[in-house]
Amino acid sequence: MATIRDIASLVGLSPSTVSRVLSGDSSLSVQEETRRKIYAAADRLQYKASPRRANRQTEAQQLKDYKIGLVTFCSEQFEYEDPYYLSIRLRIEKEFNQLGLHITRTIRWANQASYESLSGLDGLIVIGKFEFDPYNLYFSRIRNVVFVDYSPDESRFDSVVVDFDKVTRIALDYLTGLGYTRIGLLSSRDFIIRFGSDSGTDSLDQRQSSFESYMKQRNLYLREHVHIGRDFSMSVGYQMMKEAIEKGDLPEAFLIGSDPLAIAAGRALKEAGLRVPQDIAIVGIDDIEMAAYTDPPLTTVKIFTEQMGQSAVKLLLERIGGREVPLKIVLPPKLIVRDSCGAQIRTTARTEDS
């Protein structure tokens, strides 16, 4: 059976160009002669789109007539300070662009968006933790809603989430496996935003509750080594670590709730004359691009944010295509071992002791 690559080889173009032409991507600018060559080669090779590709193209065509909104709680400034949500949003936009579609309206909670901003929308992707009034006239009219990084009602809405309990346990399994027993936590509370207002609900974050459960089960929990801030910004991470240093009696290692928190905490340690990982080992969560370039490079638990955005678009297409049963996608994390946890140092010390 012929493939996109076979056609690309025959006409001397890239597979991505061939794929976009055959999928009817109206945003791609190519000469009409080039299009004819691609279609002629496809006929010659008797190319047939896979059922999945054909269905996706059909869904995309249906979506052209829909008005899609994107809600995010982040300001543009905060997105660049903490790229977690930025990565999700950019992948959503990329997926739409590749389908020749566009997002009708991007709504930022930081601008105190009102329910009227949802007027006329047929579909909605929500990035972050939001509570919506289900009886609100504007929101209740939107039949296709996908939540990313939060699942407020599995019986009604599609969602894409991360299992932060598993994230936390992966990190702690690794640290305890290296022999660390005095482990602290730097993280933040959860804040669930009430859409249409500047208020919300403060709640316990999964990373904190999982950390406490894990450490208590092993009789390793010490409350004085747990530091919880108001958000996951770098400034909060820096300040929390400074306060922990001033308090004294630091643990051997810290699990830190996000990479930006961890990077800023590492700076506070360095300013205090403490070395990572020789004096304090740290493990972050996210695996943002900067994590590989810190000094030392940051060990972290990777969250597949781009796949979260990609999955959100897929779910929305399926909903518009007629699927009625809500789905919840839980993406698995992955441990990325670098130098900040001191694995080599601990291994060498154990070898010498034995």
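Within the group ILE107, ILE125, ILE92, which residue is out of contact with any Phe, Trp or Tyr (no Cβ under 7 Å at 6 or more places or on another chain), assigned to a helix (DSSP H, G or I) and either small (Gly, Ala, Ser) or surrounded by 15 or more Cβ atoms within 10 Å (Cβ to Cβ) (or both)?
Exactly one of ILE107, ILE125, ILE92 is out of contact with any Phe, Trp or Tyr (no Cβ under 7 Å at 6 or more places or on another chain), assigned to a helix (DSSP H, G or I) and either small (Gly, Ala, Ser) or surrounded by 15 or more Cβ atoms within 10 Å (Cβ to Cβ) (or both), namely ILE92.
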(message) If I ask for residues that are of a type in the set (Phe, Trp, Tyr) and part of a strand (DSSP E or B), which ones from segment 177-209 would you list?
(response) PHE191
(request) Can you confirm whether segment 128-138 contains a residue that is crowded, with 18+ Cβ neighbours inside 10 Å, assigned by TED's automatic domain parsing to the domain that holds ILE320, touching a residue at least 12 places away in the same chain (Cβ under 8 Å) and assigned to a strand (DSSP E or B)? (result) yes
(message) I'm checking my understanding of the structure. Among residues of segment 23-76 that are assigned to a helix (DSSP H, G or I), β-branched (Val, Ile, Thr) and modelled with pLDDT of 75 or more, which one is surrounded by the fewest Cβ atoms within 10 Å (Cβ to Cβ)?
(response) THR34
(request) Mind listing just one residue for me: the one in segment 152-182 that is of a type in the set (S, T, N, Q) and surrounded by fewer than 22 Cβ atoms within 10 Å (Cβ to Cβ) and, of those, farthest from ILE336 (Cα to Cα)? (result) SER155
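Name every residue in segment 75-110 that is polar (S, T, N, Q) and without any contact (Cβ under 8 Å) to a residue 12 or more places away in the chain, in order of residue number. Explain how you work it out, then say what you get.
As a first pass, look at segment 75-110 and keep what is polar (S, T, N, Q): 75, 77, 87, 97-98, 104, 106.
Once the filter is applied, which keeps residues that are polar (S, T, N, Q) and without any contact (Cβ under 8 Å) to a residue 12 or more places away in the chain, segment 75-110 yields only GLN77.
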(message) I need every pair where a residue in segment 229-249 that is over 14 Å from ILE263 (Cβ atoms) has its Cβ under 9 Å from the Cβ of a residue that is part of a helix (DSSP H, G or I) and aromatic (Phe, Trp, Tyr), sequence separation at least 6 or different chains.
(response) ASP231/PHE78
(message) Looking only at segment 278-333, count every residue that is on the phi < 0 side of the Ramachandran plot and outside any loop (DSSP other than H, G, I, E, B) and tell me the total.
(response) 34
(request) Looking for whichever is closer than 27 Å to GLU79 by Cβ, out of contact with any strand residue (DSSP E or B) (no Cβ under 7 Å at 6 or more places or on another chain) and modelled with pLDDT of 95 or more here; the options are ILE256, ILE263. Which one fits? (result) ILE263
(request) Would you check which residues across segment 242-267 are surrounded by fewer than 19 Cβ atoms within 10 Å (Cβ to Cβ) and in a helix (DSSP H, G or I) and list them? (result) LYS242, GLU243, ILE245, GLU246, LYS247, ARG267
(message) Just the residues that are surrounded by fewer than 19 Cβ atoms within 10 Å (Cβ to Cβ), small (Gly, Ala, Ser) and modelled with pLDDT of 95 or more, please, taken from segment 187-223.
(response) SER209, SER213
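The values are calculated or read from the model by the stated rules, or taken from the named source; none is laboratory data. The model shown is predicted, which means the values in this text are computed figures rather than measured ones. Counting neighbours? That spans all protein chains shown, and the Cβs are built from the backbone with ideal geometry, glycine included.
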